[in-house]
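Here's the structure, in structure tokens; my notes come after.
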Amino acid sequence: MQLTELARLLNARLEGSLENQTPGTTEVTGVAGIEEADAHHVTFVANPKYAALARTTKAAAVLVTDDFPAISAATLRTSNPYLAFARAIEIFYRAPSYAAGIHPAAIVHPTAKLGRDCHIGAYAVVEANVEIGDAAVLLPHVVIYPNVRIGNHFFAHSHAVVREGCRLGDHVVLQNGAVIGADGFGFAKDDEGRWYKIPQSGPAVLEDRVEVQANACIDRASVGETHIGAGVKVDNLVQVGHGCTVGENTLLCAQAGLAGSSHLGRNVILAGQAAVAGHCSIGDGSVLTAQSAVSHDVPPGKVMSGSPGLDNRLWLRCITAYSRLPEMLKLMRKLANAKEE
């Protein structure tokens, strides 16, 4: 593909030239990282720390912001280089396609209703009274329990499971091993000191464009429902406890955890291994940095760090002081010895 065509598809402005070539005639065959790219690749700069590499990259062209300085390689200028790079990958990478049809080794209950153009893979199971919309793809060993409702363009990778009564919207993606609607962790101690299981009767509900990645778990509720808003992205090994609500376009990164009945607003980010205690509310636009944990409500727009979680700016000051503790202790001992003398 010539660069002029790629620029048109990405709605980017093509500038600059390669030695002895007009940039529009350069052939691009794929995408690559800025250090690995060669003369037939397009790459991108979205993080300022990689800006210097743009001057030495061997790429045919670099996706950059509108105000990025001129470099020797051709530039494709756009307001969002990272998003444009994602779209460039879509242009050059062709994901596997799955023809409509039900594999002979799949099991689809007679009362299940499938929309048009669905692909049901080998050993997939669709149980009683399930409804699935158009253009769904269920790969081998996916299991859909009874009374589930799923919208259009559902895509479930192998070994994903949707438990009984759960409701999923349109364009939901479940990666390998994702479990939607497993029992929440609810137990009450009886008079003899034994744990009595609390029935988990409420479904998990996922709105449109939710993606749940590998081996993540979204538990069902004891009563009510566990609710995941539209556009939420759930990373690998995330735990969403029973009765939680997660607002639209929130990101839950790897190994993050929400205890039962916690509530996250819109556009919240929980970085890797961040945690929220039960019954806490995290306001819209808040960020919990990696390995932070909060056991209290967080107002909108706050950035929290550490465990227990503190305002990020205070946490940075505390960490700076912590790194100086040996030096401070040495000084205190010196002052104590001087006082004794």
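Each value in this text was obtained by applying a stated rule to the coordinates, not by laboratory testing. As the structure is a computational prediction, the values presented were derived from the model and not from experiment. Here Cβ is always computed from backbone atoms with ideal geometry, including for glycine, and neighbour counts include all displayed protein chains.
Divide by every residue of the chain the summed helix terms, -39500 (n - 2.57) for each DSSP H run of at least 4, and state the resulting mean residue ellipticity at 222 nm, rounded to the nearest 500 deg cm²/dmol.
About -4500 deg cm²/dmol.
For 333, 87, 167, what ranking results if the residue with the fewest other Cβ atoms within 10 Å of its Cβ goes first?
With the sparsest Cβ surroundings first, the list reads 333, 87, 167.
Hey, if you put +1 on the Cβ of every Lys and Arg and -1 on every Asp and Glu Cβ in the chain, which of 212, 121, 53 ends up farthest toward the positive end of that dipole?
Checking the options against the dipole of the chain, the answer is 53.
Check cross-link reach from residue 339 to the lysines: straight Cα distance under 22 Å, and skip same-chain residues fewer than eight apart.
330
Given 0.36 nm per residue, what is the gain on full extension from residue 27 to residue 311 after removing their alpha carbon distance, in nm?
97.3 nm
State whether the chain is rounded, prolate or oblate according to the following rule on the C-alpha gyration tensor (a ≥ b ≥ c being the square roots of its eigenvalues): a/c under 1.5 gives rounded; otherwise a/b larger than b/c gives prolate, and the remaining case gives oblate.
Oblate shape, in that a/c is at least 1.5 and b/c is the bigger or equal ratio.
With a ≥ b ≥ c taken as the square roots of the eigenvalues of the C-alpha gyration tensor of region 198-255, please select rounded if a/c is under 1.5 and otherwise prolate if a/b is larger than b/c or oblate if it is not?
It is oblate, given that a/c is not under 1.5 and a/b is not larger than b/c.
Straight-line reach from residue 233: which aspartates and glutamates fall under 20 Å, measuring Cα to Cα and dropping same-chain residues less than 8 apart?
Those aspartates and glutamates meeting the cut-off are 90, 170, 207, 208, 211, 219, 225, 248, 284.
Give me the lysines in straight-line cross-link reach of residue 197: C-alpha distance below 29 Å, same-chain residues under 8 apart excluded.
Within the straight-line cut-off, residue 197 pairs with 189.
Please build a GNM for the chain, connecting alpha carbons under 10 Å apart, and tell me which residue among 247, 272, 193 fluctuates the most.
Sorting by GNM fluctuation, first place goes to 193.
Test of understanding: ordering 328, 304, 1 by Cβ neighbours within 10 Å, fewest first, what list do you get?
The fewest-first ordering by Cβ neighbours comes to 328, 1, 304.
Placing unit charges on C-beta atoms (Lys and Arg positive, Asp and Glu negative, everything else neutral), compute the dipole magnitude of region 3-92 about its Cα centre in debye, rounded to 20.
180 debye
Assigning unit charges at the beta carbon (Lys, Arg +1; Asp, Glu -1) and nothing else, what dipole magnitude in debye, to the nearest 20, does region 191-341 show about its Cα centre?
680 debye
Using the Cα gyration tensor of region 3-92, with a ≥ b ≥ c the square roots of its eigenvalues, what is the shape: rounded (a/c below 1.5), prolate (a/b larger than b/c) or oblate (neither)?
rounded
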